[in-house]
Amino acid sequence: MPQRYNLVGTHCKNCNEYYFPPRTICPTCRREARMEDHKFGGEGKVVTYTTIYNATDDFKRQTPYNLAIIELAEGPRLTGQVICSPSEIEIGMRVKPVFRILGRDGDRGIIYYGTKFVPA
Amino acid sequence: MIARLHIHRYGTTREELAAVAVKNHQNGCNNPISQYQMEITIDDVLRSPLVADPLRVLDCSPITDGAAAVVLAPTEVARKYSDGPIRILAAAQASDTLALHDRRDITTLDATVSASRKAFDMSGIEVKDVDLAEVHDAFTIGEIVAIEDLGFVEKGEGGRAVIEGVTAIDGDIPVNTSGGLKACGHPVGATGIKQAYEIVLQLRGEAGKRQVEGAEVGLTHNVGGCGGTAIVHVMSR
Ligand SMILES: [Zn+2]
């Protein structure tokens, strides 16, 4: 999962737009699109956030945790966890990506990994 | 996350959010079929446990069992079946990205804006002519954003409007006279029809203690997928 492990998206060389998750075609340029893979640096800022206190079973053991919409430096937005105290997170805060366990399937299932964020 | 940004950008307060739940519980007390028959205070809301900060338990609609039905008939024959038929002037739907982070503006449900504009065009009704509305208050911030996006108040003014009583039964535009999803209940699949039922009662003048005086035009607004879909109906006597 390159997109989940390494924040790999795509870049259209025709209009210079970046996409995350990756798109195979640029919706602006369509036929003229010239797509290439792009590994996002991951630096971004918090657009808005919440702190989850009451979660579904899969995430219960992580509560309370911060969930934020993050705008990457290249432009695309994504939703992810920000690891810091609930009193520390704020709108506009700069963040950077870290590789973390995202969850596991049940008690004995596979552990899956991906990107979370920490204050930059 | 919508509430957090609305607070940050427009200065909406925690008390204004709570005022939505307080009003809807008051209305619910005057609706014999509502799930909750109890008044709550702003303090009750602010003291309830956090769910997803800044939203607390009493900002959220409950889990509800319920059923609702309407009988539809062509306008020409409706009088054969009812002495007080209510006309559906418009039914409009619009959609948006499912992911909140992909939206044009996080504090606006563009699906609501688009569906309501279509419904107003279709019905020939202007927003100022609407006498009351049932809107999707699954969470208190949902009602604030809804009354802005439907055009009842300016963007960013929703919280102030609620706490000043603009959306109360005797206000300029009564909203969720049934108690809304918050107090009347949110039996997901039945919620939209339940909204239509309230508007029908009100337009027929049969809403008892919560009757909006002289109601002639009503609107319903329902949402799926946190704004991925919105549906607006305009009805009249
Ligand atoms: Zn392009």
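The values are calculated or read from the model by the stated rules, or taken from the named source; none is laboratory data. Remember, it's a predicted structure, so these values are computed and weren't measured experimentally. We place every Cβ from the backbone using ideal geometry, glycine too, and count neighbours over all the protein chains shown. Keep in mind that these areas ignore ligands, DNA and RNA; they rest on the heavy atoms of the full protein, side chains included. Shrake-Rupley method; radii C 1.70, N 1.55, O 1.52, S 1.80 Å.
Observations on the structure shown:
- Across the protein assembly as shown, the convex hull enclosing all Cα atoms gives 162 Å³ per residue.
- Cβ-isolated cysteines (cut-off 4.7 Å), chain A: A:15, A:84
- Euclidean distance between Cα centres, the stretch A:54-120 to the stretch B:178-237, Å: 38
- Highest-fluctuation residue, B:114, B:82, B:48 considered, GNM on chain B with Cα pairs under 10 Å: B:82
- In this structure the amide hydrogen of residue A:112, modeled in the peptide plane, comes within under 5 Å of the amide hydrogens of A:102, A:103, A:104, A:105, none closer than 5 places in sequence on its chain.
- Ranked by solvent-accessible area (1.4 Å probe, protein heavy atoms only, all chains present), the residues A:74, A:43 order from largest to smallest as A:43, A:74.
- Of the whole protein surface, residue B:65 contributes about 150 Å² of accessible area at a 1.4 Å probe radius.
- In the stretch A:54-120 the Cα-Cα distances spread across 5 Å bins starting at 0 as 4, 15, 25, 24, 17, 9, 5, 1 percent of all pairs.
- Rounded accessible area of residue B:184 (nearest 10 Å², 1.4 Å probe): 10
- Relative to its Kirkwood radius, the Cα radius of gyration of the stretch B:1-155 gives an Rg/Rh of 1.01.
- Using the Karplus relation 6.51 cos²θ - 1.76 cosθ + 1.60 with θ = phi - 60°, the per-residue 3J(HN,Hα) values for the stretch A:3-18 come to 6, 7, 7, 10, 6, 8, x, 10, 9, 8, 6, 6, 10, 6, 8, 10 Hz, with x marking Gly and Pro.
- Spherically averaged projected area of the stretch A:5-75 from its Cα convex hull (nm²): 6.1
- Residues of the stretch A:41-61 whose accessible area (probe 1.4 Å, heavy atoms of protein chains only) drops by at least 10 Å² once all protein chains are present, relative to their chain alone: A:47, A:48, A:49, A:50, A:51, A:52, A:53, A:54.
- Accessible surface of residue B:136 - all protein chains present, 1.4 Å probe, nearest 10 Å²: 20
- Across the accessible surface of the stretch B:2-236, with the other protein chains kept in place and a 1.4 Å probe, carbon and sulfur atoms take up 53 percent.
- Sorted largest first by accessible area at a 1.4 angstrom probe radius, with every protein chain in place, the residues B:10, A:49 fall in the order B:10, A:49.
- 3J(HN,Hα) from dihedral phi, the stretch B:86-102, Karplus parametrisation 6.51/-1.76/1.60, rounded to Hz, x for glycine, proline: 10, 8, 8, 8, 7, 9, 9, 10, 8, 10, 8, 5, 6, 6, 4, 5, 8
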